[in-house]
1. Among residues belonging to the range 135-164 that are assigned to a helix (DSSP H, G or I) and in contact (Cβ under 8 Å) with a residue 60 or more places away in the chain, point out the one that is farthest from Tyr183 (Cα to Cα).
2. Report every pair of residues separated by at least 6 positions or lying on different chains whose Cβ atoms are under 7 Å apart, first residue within the range 11-38 and in the same structural domain as Trp318 (by TED's automatic domain parsing) and buried (at least 18 other Cβ atoms within 10 Å of the Cβ), second among the polar types (S, T, N, Q) and at pLDDT below 95.
3. Just the residues that are in a loop (DSSP other than H, G, I, E, B) and among the β-branched types (Val, Ile, Thr), please, taken from the range 226-261.
4. If you take just the helices (runs of 4 or more DSSP H) that sit entirely in the range 273-331, which of them hold at least 3 residues that are modelled with pLDDT under 95 and surrounded by fewer than 22 Cβ atoms within 10 Å (Cβ to Cβ)?
5. I need a count of the residues in the range 131-164 that are of a type in the set (Gly, Ala, Ser) and more than 17 Å from Ile29 (Cα to Cα).
6. Hey, Ala196 hits all of (1) without any contact (Cβ under 8 Å) to a residue 40 or more places away in the chain; (2) in the same structural domain as Val28 (by TED's automatic domain parsing); (3) surrounded by fewer than 21 Cβ atoms within 10 Å (Cβ to Cβ) but one; which does it fall short on?
7. Within the range 7-62, how many residues are β-branched (Val, Ile, Thr), under 19 Å from the mean Cα position of the chain (by Cα) and in a loop (DSSP other than H, G, I, E, B)?
8. Return the only residue of Asp306, Asp277 being more than 27 Å from Pro245 (Cβ to Cβ) and of a type in the set (Asp, Glu).
Amino acid sequence: MSDKTISIRTEKKMKEMLAIPKGKLRVVIDTDAKNEVDDQYALTWALLSQDQLEIEGMYAAPYSRLFHQFPLIKAYEQIKNDQLGTVIDGENVSWGGSYHDWVRRLLAEGKDPTKVKFISPSEGMENSYQEIVKIINLIPVDYEGEVLHGAPQFLESLERPVQSEAVDHLIERAMADDKRPLYVIALAALTNIASAILLEPRIKEKIVVVWTAAYPSLSPLSNRASMNLVQDIVASQFLFECGVPHVYLPGFYIGAQLSLSLPDVERWVKGKGEIGDFLYDLYINNPIYAQRGIREHFGRTWIAWDLINIAWLLNPEWVPTQLFQSPQLDDNLCWVHNSSEHLMREAVGINRDAIFRDFFKKLHIASQGRE
C-alpha cells in the first residue's frame, strides 16, 4: 500500500479520463440504498437503463446519522434553557429546517429528543445490501452483475483501509482487461472506494469516480451539512488529494433541484408496476420524515439527490460540467485551493425536467412489459 499522495500523471491523461463519456459505459454502483429514498430511485433508473450502462456490480455502503446526535441534543438543551441565540455548528440539516425545528416537532409529539435512535454504520451497510436486493427483485429487467457487502465502518485513518467484498470486487473489475474506464457511481460516503484505492493504488489509472455531495468547490461555506461527505471525512478528504480522476456533482444548488412533490409521484410513479408502487410507498412513508417528526406532505417536496449521477452518465447535457482544478478539504470541511491541485470535472447546472421525463418514461415502459 502506498501513501496518499497523488500519482504522477500528465494533464493530458487526466483530461482523457475526464472526457465526456460516450457509448455503453462500464459502471459499478456504491450506494447507501436504505439511507432514505433517493438511492432507490437512482438504482431503479440505472437498472432500467442497461442499454447504456453495463452494471458490473452494486456495493452496499455504510451509513449512519450518528453525527446528528450531539447537535440535536445541544439544540434540545438550548430550547430548555432559552438560549436560542447560540448558533449550532452546521445547524442546517437540509430537511425540515434546523435542529431547533427538529426538536420542537419531537416535543410536540411527546418524544424525547435525546432518545432518537441512530443506527450504526454496520447496520446501515447491511440494510443497504438488503435494499439493493429488494429493488433488483422488483424491477422487470434482468441484472447479471453482483451485489456485494461493503465496509461495516468508516475509515479511521489512511493507514487502515477497510477490506470487504465490495472493495475486492472493485479492484478486480478496475484491473480487468478492458480499455474502457470503469465509472464508479458513488452515492454514499466514500469508504469502500477510498479503501480500494489505498489497497491497490493502480486502479487510479483505470477508474473515474462520479460522486455527489456538498457545495460547489468555489463556495466559501463549510460542507458540514452534506451527509455523503461528513460521515467519512477521512475518505472525503482523500478523494480530492489522491489524484484519482473524479467527477464532482454538488448536491447543494445543483442536485437540490431534483425535487419531487407528492402529486409528481402520484401521477408518474404510483401504479407503474411493483417497483413503481414500492417507490411511491417509500415516498409517502419517508423514514426521515418519521425520524424528524414531519407528519404531512402538504406543500413539501423531497429531493432525489442521487439521480444526478445516473443523469450525467446517461446524457451529460442534462448535467453540464466543466474542468476545474481540484480543491482540498480542510479540517473545517471548507474548500482550499493551492498549487498542488489536479484537474477534476464539476457540475455547473442541471436540467431537472429532462431527467425526470426520462426516468418516468422508462418506469412507464417497464410497467407495460416492454424494454
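1. Leu138
2. Pairs found: Glu36/Asn286; Val37/Asn286.
3. Once the filter is applied, which keeps residues that are in a loop (DSSP other than H, G, I, E, B) and among the β-branched types (Val, Ile, Thr), the range 226-261 yields Val244, Ile254.
4. Working: elements: 273-284, 287-291, 307-314.
The qualifying helices (runs of 4 or more DSSP H) are 287-291.
5. 1
6. (3)
7. The qualifying residues number 1.
8. Asp277
The values are calculated or read from the model by the stated rules, or taken from the named source; none is laboratory data. From a predicted model like this one, the values you see are computed outputs, not experimental measurements. Don't worry about glycine lacking a Cβ; one is built from the backbone with ideal geometry, like all the others, and counts go over all protein chains shown.
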